[in-house]
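The values are calculated or read from the model by the stated rules, or taken from the named source; none is laboratory data. All values reported here derive from a predicted model rather than from experimental measurement. Counting neighbours? That spans all protein chains shown, and the Cβs are built from the backbone with ideal geometry, glycine included.
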Amino acid sequence: MEAIYADSLPSFGWNFEDKADTFSGTNGVVGTASMACAVFALIAGLLPLGIVLAVDGFLGWIAPYPLYTKLRKKKTQSVAPQIDAQYDDIYGVCEKANALLLS
């Protein structure tokens, strides 16, 4: 009988969300910086530049959540088959253990 140890099981944890967190957070910070630059451009009297930066800033504030959900969903779908395979392996071991107990 093949033994399954906890070390052999992959650790999925919350690591698959790190990429989504990083990209969406960076996008939000860039949007905030762009909005700050837009305010300074408007104070300096550069209206066209201020408008362009303000539009970019609003997009940087709006885009992070859809970006996060899209990246998280994509990564979750790629990890799900591996998790299911591990559940199947563990279920097989539990069936064998049950058969041993009943015999």
Counting just the residues of the range 70-103 that are among the aliphatic types (A, V, I, L, M) and over 25 Å from the mean Cα position of the chain (by Cα), which one comes out nearest to N27 (Cα to Cα)? I90
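Table: residues versus (1) surrounded by 13 or more Cβ atoms within 10 Å (Cβ to Cβ); (2) aliphatic (A, V, I, L, M); (3) modelled with pLDDT of 85 or more; (4) in contact with a Gly (Cβ under 8 Å, 6 or more places away or on another chain).
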| position | (1), (2), (3), (4) |
| --- | --- |
| L46 | yes, yes, yes, no |
| A54 | yes, yes, yes, no |
| G57 | yes, no, yes, yes |
| G60 | yes, no, yes, yes |
| P66 | no, no, yes, no |
| K75 | yes, no, no, no |
| Q82 | no, no, no, no |
| I90 | no, yes, yes, no |
| V93 | yes, yes, yes, no |
Exactly one of A33, A99 is assigned to a helix (DSSP H, G or I) and either at pLDDT 90 or above or of a type in the set (V, I, T) (or both), and that one is A33
Residues being in contact (Cβ under 8 Å) with a residue 12 or more places away in the chain, farther than 22 Å from K19 by Cα and β-branched (V, I, T): count how many of those fall in the range 53-103. 2
